[in-house]
1. Considering the options ILE225, VAL274, GLY208, tell which one lies farthest towards the positive end of the dipole of region 158-278, charges being +1 on Lys and Arg and -1 on Asp and Glu at the Cβ, about the Cα centre.
2. Over the chain, with every protein chain in place, what whole percent of the accessible area is carbon and sulfur at 1.4 Å, could you tell me?
3. If Lys and Arg each add +1 and Asp and Glu each add -1, what is the summed charge of the other residues whose beta carbon sits under 11 Å from the beta carbon of GLY235?
4. For region 62-168, what is the accessible area per residue in Å² when the probe is 1.4 Å?
5. Pulled fully out, how much extra length does the chain show between ALA264 and ALA251, if you take 0.36 nm times their separation in residues and subtract their Cα-Cα distance?
6. Which number comes out as Rg/Rh for the chain once both Rg and the Kirkwood Rh are worked out on C-alpha atoms?
7. Any chance you could get the radius of gyration and Dmax over the Cα atoms of region 27-164, in Å?
8. Principal axis lengths of region 107-181 from Cα atoms, whole Å, largest first?
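The values are calculated or read from the model by the stated rules, or taken from the named source; none is laboratory data. These figures come from a predicted structure and were not determined experimentally. All Cβ positions, glycine included, derive from the backbone under ideal geometry; neighbour counts span all protein chains shown. Only protein heavy atoms, including side chains, enter the accessible area calculation; ligands, DNA and RNA are left aside. Shrake-Rupley method; radii C 1.70, N 1.55, O 1.52, S 1.80 Å.
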Amino acid sequence: MARHTSFQVGGPADLLVVPEDLGDLKAALAFARSGHLPVLVLGSGSNTLVRDGGIRGMVILPSAFQELTRDGVEVTAGAGIRVSRLLAFCSKQGLTGLEILSGVPGTVGGAVWGNAGAWGGSVADHLARVHVVTGDGEDLVLKRDAVPFAYRYSGLPKGSVVVGATFALEPGDPVVIRQQISRWLVRRNATQPVEFRSAGSIFKNPPGDYAGRLVEVAGVKGTRIGQAVISEKHGNFFVNLGGARAADVLALVQLARERVRETAGIDLELEIRVVGEN
């Protein structure tokens, strides 16, 4: 799974499925049900840490869902579309609203599932509808108000797979939109260790504060275990220097949590998804 995660960390999966279309996806889910196999859906693996023992059961990569269309002020994107490509499309079409996601890694499916966001905005802000296939193989198109979105959480039906999402945007000047995207990217590149492999933010920001600041105050920025290190650039980014193990990253997670608990009295909650076996 190291080949399928942005961290480039993780042991093997028993079964990896890349469905080519909706029929393939439903067949894969039916196969998993018949064999009582656990199913894990993975986008680009940008917010996921796979343990060194790998994953038992089936991993589904919905990367083939590449629809990208416009209808008025609405844009529909398949689950496998990269967020960066979605933003480029919206910019070209003169549709504004999603610029806050500039630099957010991963795919539309993963971004919707985890309600990805940055700088105070999130996917849910402009989501109109989301198309999912449930674990039972049922097609559902859910309106935004029917999904209990929260901070880095969607509340989509457990076991379902995001197939695509439709966003309601507003007309804008393509030049202005591109300039705003560039400003966000410059800010992100200046404050985050984009030159290293990582899984994005490790911890959720606690109410009224920032996890990166708390890790820095706790004095553990720069701490290294094996080939994993807490970035000197941003305390909420743990990076792979090359050949890191999941165990190294998890040891750093435990250390940071303990030190922040000691110095600030706050229990940091993971933002990344940790899956698989030791």
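1. About the Cα centre, the residue reaching furthest to the positive side is ILE225.
2. Whole-percent figure for carbon plus sulfur exposure: 51.
3. Around GLY235, the charge tally is +2.
4. Dividing the accessible area of region 62-168 by its residue count gives 41 Å².
5. Extra length available between ALA264 and ALA251 comes to 2.7 nm.
6. 0.97
7. Calculated on Cα positions, Rg and Dmax stand at 15.1, 48 Å.
8. 45, 22, 21
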